[in-house]
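The values are calculated or read from the model by the stated rules, or taken from the named source; none is laboratory data. Predicted model only: the values in this text are computed from it and were never measured. Using ideal geometry, Cβ is built from the backbone for each residue, glycine included, and neighbour counts are taken over all protein chains shown. Accessible surface areas use protein heavy atoms only, side chains included; no ligands, DNA or RNA. Shrake-Rupley method; radii C 1.70, N 1.55, O 1.52, S 1.80 Å.
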Amino acid sequence: MKWMSASIISFLVSLYSLALWTESEFVDEERAYELKTTLSMKHRVAEIVWGGVLLLVLALTIKERIDVAVDKTSKVIERCRSGLEKQAKQS
C-alpha cells in the first residue's frame, strides 16, 4: 500500500511539474521573464522535493529490512550458541 500511494503521488507530482514546465515554455521570455522564471523554479522545486521524499521512503524501507535481517541473524546465532553450550555440558 505504501508503494502504491508513492506511485500515485509521484505520478501526480510529475503531471504538475510537466504542466508548470509546459506553461513556462509558452510564456514569452522578453515580456514576462519573472513569470517564466517562477514557473520554471516551481517545476524544479516540485521535482526535487518529491525526489527527496521518495529517497527518504526508500532509505527507511532499506533500513527496516536491514534491521529485520540483523534481528533474525542474532536469533539464529543465539540458538546456535545455546545448542553448542548444551553439547559442551553433555560431553
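Residues checked against (1) open to solvent by 50 Å² or more (accessible area, probe 1.4 Å); (2) in a helix (DSSP H, G or I); (3) aromatic (Phe, Trp, Tyr):
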position: Arg31; (1), (2), (3): yes, no, no
position: Lys36; (1), (2), (3): no, yes, no
position: Trp50; (1), (2), (3): no, yes, yes
position: Val53; (1), (2), (3): yes, yes, no
position: Val57; (1), (2), (3): no, yes, no
position: Val76; (1), (2), (3): yes, yes, no
position: Arg81; (1), (2), (3): yes, yes, no
Exercise for the section: Take Val13 and decide whether it is open to solvent by less than 80 Å² (accessible area, probe 1.4 Å), at pLDDT 85 or above and not charged (D, E, K, R). Expected result: yes
Exercise for the section: Kindly indicate the residue of region 20-65 that is under 26 Å from Trp3 (Cβ atoms) and basic (Lys, Arg) and also nearest to the chain's Cα centre (by Cα) among those meeting that condition. Expected result: Lys63
Problem - Checklist (1) touching a residue at least 12 places away in the same chain (Cβ under 8 Å); (2) open to solvent by 90 Å² or more (accessible area, probe 1.4 Å) applied to Val27, failing item - result: (2)
